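This report refers to the structure that appears directly beneath it.
Here, each number is a calculation from the coordinates, and none is a lab measurement. Just so we're clear, the structure is a prediction, and the values are computed from it rather than from any experiment. Because the Cβ atoms are built from the backbone with ideal geometry, glycine has one as well, and the counts that use them run over all protein chains shown.
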Amino acid sequence: MSDTFDIDAFRVTREPYYHPQHNEIILFEAAWRLRLPVMVKGPTGCGKSRFIEYMAWRLQKPLITVACNEDMTAADLVGRYLLDVNGTRWADGPLTLAARYGAICYLDEIVEARQDTTVVIHPLTDYRRTLPLDKKGELVMAHPDFQLVISYNPGYQSLMKDLKQSTKQRFTGLSFDYPLPAAEATILQQESHVDEQVAARLVQIAQTARALKGHGLDEGISTRLLVYAGQLMTQGIAAREACRMALVQPISDDADICDTLNHAIDAVFDA
């Protein structure tokens, strides 16, 4: 562990824009006061990560984010010995740093990590609030301000990619979905600077696409993609071209699905 590690570098210094969906801010703050671990679940691009970033800013706590993937090992989370000119030295992983210094540790898309990797978080999610570093022979006692947050998309669950019940039942939970149309249009105006009419039209397209989930689409158009479309328009790209680039090509390679979405775009932005 480096004595020069600066936890303040992980603070969110500027307020992220976040539009509440329900009472998730109040619920998260209550969990924070109790230092309860929190599971945030919902579809891709619905605002889960933005919410956690906003809460870190609101609570004035550092935020260490880990984008989980299938190649991630326990050592990637807790740390490992590294070779240097003086021999070997221990380097804390992001989970260990958060536990030592009192940050919110956010494990994004936790189901992407191997199940044998996620087991290392268990001692941090109950009364022990400890992290054993077996290779180093150290037991890290979590800082009083440490909190663990995980997220995942239930729509992509499978027998091979799901959290064990022994992991799930260590967390409190918040369920997210895409915002209601009026709220989503407000978000688009704020994030992409399109006008009210364009924002409403983009949301209308998204509603059409989300109705196709399970009928040719694995996932509907996310709020994030709607923001991308709006941003392209503010760069002078024609509405239909922006929508095809941001809302059609990224979500499907199926010709029939693409045709359906293209027809919806043409109908909404009919000159």
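Within the stretch 240-264, being touching a residue at least 12 places away in the same chain (Cβ under 8 Å) and over 28 Å from the mean Cα position of the chain (by Cα) holds for 240, 256, 260, 262, 264. Kindly establish whether residue 126 is in a loop (DSSP other than H, G, I, E, B) and in contact (Cβ under 8 Å) with a residue 24 or more places away in the chain. Here the answer is yes, as residue 126 does meet what is asked.
Beta carbons closer than 6 Å, at least 6 apart along the sequence or on distinct chains, never pair a first residue in the stretch 90-117 that is without any contact (Cβ under 8 Å) to a residue 12 or more places away in the chain with a second that is assigned to a loop (DSSP other than H, G, I, E, B) and of a type in the set (Ser, Thr, Tyr).
Would the stretch 173-181 turn up any residue that is assigned to a helix (DSSP H, G or I), free of Cβ contacts under 8 Å to residues at least 12 places away in the same chain and either of a type outside the set (Ser, Thr, Tyr) or surrounded by 20 or more Cβ atoms within 10 Å (Cβ to Cβ) (or both)? No: the stretch 173-181 contains no residue that is assigned to a helix (DSSP H, G or I), free of Cβ contacts under 8 Å to residues at least 12 places away in the same chain and either of a type outside the set (Ser, Thr, Tyr) or surrounded by 20 or more Cβ atoms within 10 Å (Cβ to Cβ) (or both). Being within 25 Å of residue 75 (Cα to Cα) and among the basic types (Lys, Arg) is the filter here, so list the residues in the stretch 1-40 that pass it. Scanning the stretch 1-40 gives 11, 35. Do the conditions hold for residue 107, that is, is it under 19 Å from residue 41 (Cβ atoms) and crowded, with 18+ Cβ neighbours inside 10 Å? Yes; evaluated as a whole, the condition is true for this residue.
Inclusion of residue 54 among residues that are in a loop (DSSP other than H, G, I, E, B) and either surrounded by 12 or more Cβ atoms within 10 Å (Cβ to Cβ) or touching a His at 6+ places or on another chain (Cβ under 7 Å) (or both) is not warranted.
Residue check: residue 136 meets all listed conditions (1) assigned to a loop (DSSP other than H, G, I, E, B); (2) farther than 30 Å from residue 75 by Cβ; (3) out of contact with any helix residue (DSSP H, G or I) (no Cβ under 8 Å at 6 or more places or on another chain); (4) without any contact (Cβ under 8 Å) to a residue 60 or more places away in the chain but one, namely (2).
The single residue among 230, 220 that is out of contact with any Gly (no Cβ under 8 Å at 6 or more places or on another chain), buried (at least 19 other Cβ atoms within 10 Å of the Cβ), outside any helix (DSSP H, G or I) and not hydrophobic (A, V, I, L, M, F, W, C) turns out to be 220.
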